[in-house]
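The values are calculated or read from the model by the stated rules, or taken from the named source; none is laboratory data. Owing to the predicted nature of the structure, the values given are computational and were not obtained by experimental measurement. Cβ atoms come from the backbone with ideal geometry, glycine included; neighbour counts cover every protein chain shown. Quick note on the areas: whole protein, heavy atoms, side chains included, nothing else; ligands and nucleic acids left out. Shrake-Rupley method; radii C 1.70, N 1.55, O 1.52, S 1.80 Å.
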Amino acid sequence: MSTKKSKKEIDRRLLDGVTYEIGPDETPISRAIIIGDVHGCAVELEELLSACEYEPLSDLVILVGDLIGKGPASRDVVRYVRTRLPRVVSIMGNHDEVLAEYHRALLHEQAQFVATNTVVEGASSSESASVWCPLSSPTVHDLPAASSTACAVAPSPAPVALTVEQRAKVLEQCSIKDAYLHLYENELNEEDRAFLCTMPLWCRLPRTCFAAEHACETLPDEVVIVHAGIDPRKSLERQKRKHLLNMRTICSDGKPSKAGEGDGWVNSWHGPQLIVFGHDAVRGLQLTEFAVGLDTGCCYGKALTALILPERRIVAVPAHEMYSAPNIPLGYSSMAPAPQSSVDHTKDPDAESCKITDESSSDERSARRSFQPYGSRSTK
């Protein structure tokens, strides 16, 4: 029996989405801090968490995806999220998916090698190959209600060395950029790679997750976090993967598109859920009654932005530099300006709970404390 799976079959088995739940013995969250596209900007993430006065015991942090690429410290960002599940969670972004797809493709090629060349004692070749199948990557079907151990990511099996021809085949299938290949092979470990495959396409955050005293009237019954957007014509479970990861606009025929031509999809979304998303750095910060867009182009030298719930407050910190030149999608004329920040330092950004990197000295970090939250802003 062949172990080969079609891409459609593989995608059907991949994790779609999760609902964050609070177990009977867990303390409800006080706040949810939802953060825009980080793209390897680890220092700015550290500073944003500090600006939000992040409390790891009572706050939930959700990132909208695109942890990697363009910025200088993708590995640090991935590892920070991976080691702090379930109170720090990330949605799958289109850049994260590049490495996840590559990882699954390598495992799939290894599975074919094992199926052809190895038979475990007492098992058929198809049974032995299942150990190496990309579908065996751990998934989180529902975020844990009890402890982070239920959400732990197990490493992939020790890799089988592929031939030059096999590796070239996978590279051709995935069309992975050199920078991402270097990140995968030289910076990420097996736990990091497996983690990327477990990232959900969406996360539901019910109002009931918040402590009763914090669930104010501005908080809807359900918040949904996605990377790029949703097709307003369909329920969350019926969304197409490519749209959740890539869409920006709604065309004149009503169909989603990743190009800039057309109307932003948020203008066609009328609730009742509040949708929080990223991906659209060109439009920048987007605020409507039922949608909040948080990609403010940190990797392009602009800002990293967070939405704090339930108060619906926006907090932003400026990027330290332009790490990557922006690529303006078809249909856009220019990028939106970065959100402004005010100087009102309230908490030490070197706090252990916000610590992500060890590369900067304390003097260097002190020189960066020239910004902070820029006030409250309602989406209504």
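Side notes on the structure shown:
- Greater than 30 Å apart at Cα, pairs in Lys177/Lys240; Lys70/Lys234; Lys258/Lys302; Lys234/Lys302; Lys177/Lys234; Lys70/Lys242: Lys70/Lys234; Lys234/Lys302; Lys177/Lys234
- Prolate/oblate/rounded call for the range 204-336, Cα gyration tensor, a/c under 1.5 rounded: oblate
- Counting only protein chain heavy atoms and rolling a 1.4 Å probe, the accessible areas of Lys70, Lys240 rank, largest first, as Lys240, Lys70.
- In order along the range 44-55, phi translates into HN-Hα couplings of 5, 5, 4, 6, 5, 4, 5, 4, 7, 6, 4, 10 Hz, rounded to whole numbers, per the Karplus curve 6.51 cos²θ - 1.76 cosθ + 1.60 with θ = phi - 60° and x for Gly and Pro.
- Take each peptide in 28-38, 254-264, count the other Cβ atoms within 10 Å of every residue, and average; sorted highest first, the result is 28-38, 254-264.
- To the nearest 10, the accessible area of His39 is 10 Å² with a 1.4 Å probe.
- Cβ-derived FRET efficiency at R0 56 Å, Ser175 paired with Glu26, nearest 0.05: 0.85
- Largest-first ordering by accessible area, 1.4 Å probe, given options Thr83, Thr208: Thr208, Thr83
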